[in-house]
Amino acid sequence: MTSNSWANGLVQTLKNPKSHIISSNLAVVISDKYPKAKHHYLVLPLEEIHSIFNAAANKFNIFFSPQLNRQHIPLLQEMHLLALNIIEIKGEKQNNFKIGFHNQPSMHRLHLHVISKDFISDCLKTKKHWNSFNTQLFLNYEDMLVQLEETNQVKRLESALIKELGNMDLKCNQCAFVAKNMPSLKQHLLEH
């Protein structure tokens with residue numbers, strides 16, 4: 001499987017109704033195939049939107065997806081409602097979850113992460129995984145909505161900041177502990 005086909009994996013999953021946990025006429029909820037916590041779900045719109053940023057162009061410079069803008073706020077609100085719904089269906093509490101988007105998405109297709117803050121998972125293996133959810137590399141749903149309302153787009157982070165955030169220390173998301181490596185962080189997380 002090439003990296004491009006991996007990046008397009010969400011589109012394939014979206015086409016498979018058996019993978020849908022819940023859905024509406026605008027979006028579906030699926031389980032993340034490589035969950036980074038006990039609970040990790042993705043909310044995907046049925047509308048083809050490439051990512052949280054401006055439309056991407058293919059090699060012929062033809063835009064294949066609409067630009068995310070204020071007009072998409074009702075869709076994003078519906079996606080958020082589905083996020084809250086999956087938390088309720090699973091019998092969990094909303095304050096135990098993070099709901100948002102990666103500021104440096106690796107997968108094609110807009111997707112909203114609904115992830116429990118425990119981060120207990122065999123799939124959580126690297127500093128990149130950790131920092132993608134526990135630094136500014138994770139854009140909370142509410143913050144993204146504010147950006148869209150105020151500027152009609154989501155601003156990309158500067159590449160230097162992305163690199164800096166990716167290299168940040170492994171600081172626990174629940175206390176002041178700083179781990180020296182992923183195994184020690186994962187052991188610490190089990191103690192919470």
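The values are calculated or read from the model by the stated rules, or taken from the named source; none is laboratory data. In this text the structure is predicted, and so the values were computed from the model without any measurement. Note: ideal-geometry Cβ built from the backbone for every residue, glycine included; neighbour counts use all protein chains shown. The accessibility values were calculated without ligands, DNA or RNA, using every heavy atom of the protein model including side chains. Shrake-Rupley method; radii C 1.70, N 1.55, O 1.52, S 1.80 Å.
Kindly report the accessible area of the chain per residue (heavy atoms of protein chains, probe 1.4 Å, no ligands, DNA or RNA), in Å².
Heavy-atom accessible area per residue stands at 56 Å².
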* If Lys and Arg each add +1 and Asp and Glu each add -1, what is the summed charge of the other residues whose beta carbon sits under 10 Å from the beta carbon of K38? -> +1
* Let me have the 222 nm mean residue ellipticity of the chain computed from DSSP H runs of 4+ only, each contributing -39500 (n - 2.57), with the sum over all residues rounded to the nearest 500. => -9500 deg cm²/dmol
* Structure fact -> Expected sort for 28-37, 107-116, 13-22 on mean C-beta neighbours within 10 Å, highest first, is 107-116, 28-37, 13-22
* To do: Give the residues of region 73-113 whose amide nitrogen is closer than 12 Å to a point set 7 Å from the Cα of E142 in the direction of its Cβ.
  => 95, 99
* **Inter-label distance for F53 and K33, nm, one decimal - labels placed 7 Å from Cα along Cα-to-Cβ** => 2.3 nm
* Structure fact -> Per its Cα gyration tensor (rounded if a/c is under 1.5, else prolate when a/b beats b/c, else oblate), region 130-188 is best filed as prolate
* Ignoring any ligand, DNA or RNA, what whole percent of the accessible area of the chain comes from carbon and sulfur when the probe is 1.4 angstrom? -> 52 percent
* Given the pairs K163/K186; K90/K127; K15/K163; K36/K180; K93/K171, which are separated by over 25 angstrom at their Cα positions? -> K90/K127; K15/K163
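Taking the mean number of other Cβ atoms within 10 Å as a proxy for protection, how do you rank 163-176, 90-103 from highest to lowest?
On the way: 163-176: 13.6, 90-103: 15.6.
Going from most to least packed, we get 90-103, 163-176.
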* Structure fact -> By the Cα gyration tensor axes a ≥ b ≥ c (a/c under 1.5 gives rounded; else a/b larger than b/c gives prolate, otherwise oblate), the shape of region 91-165 is oblate
* **Dipole magnitude of region 85-192 about its Cα centre (Cβ charges: Lys, Arg +1; Asp, Glu -1), debye to nearest 20** => 420 debye
* Tally Lys/Arg at +1 and Asp/Glu at -1 over every other residue whose Cβ is under 14 Å from the Cβ of S24; what's the total? -> -2
* **Neighbourhood net charge (15 Å Cβ-Cβ; Lys/Arg +1, Asp/Glu -1) for T135** => +3
* Structure fact -> Computed curve, the chain, Cα-only Debye sum without solvent term, log₁₀ I(q)/I(0) at 0.09, 0.10, 0.17 Å⁻¹, is -0.33, -0.41, -1.23
* Label Q187 and H102 with points 7 Å out from Cα along Cα→Cβ: what is the distance between them in nm? -> 2.9 nm
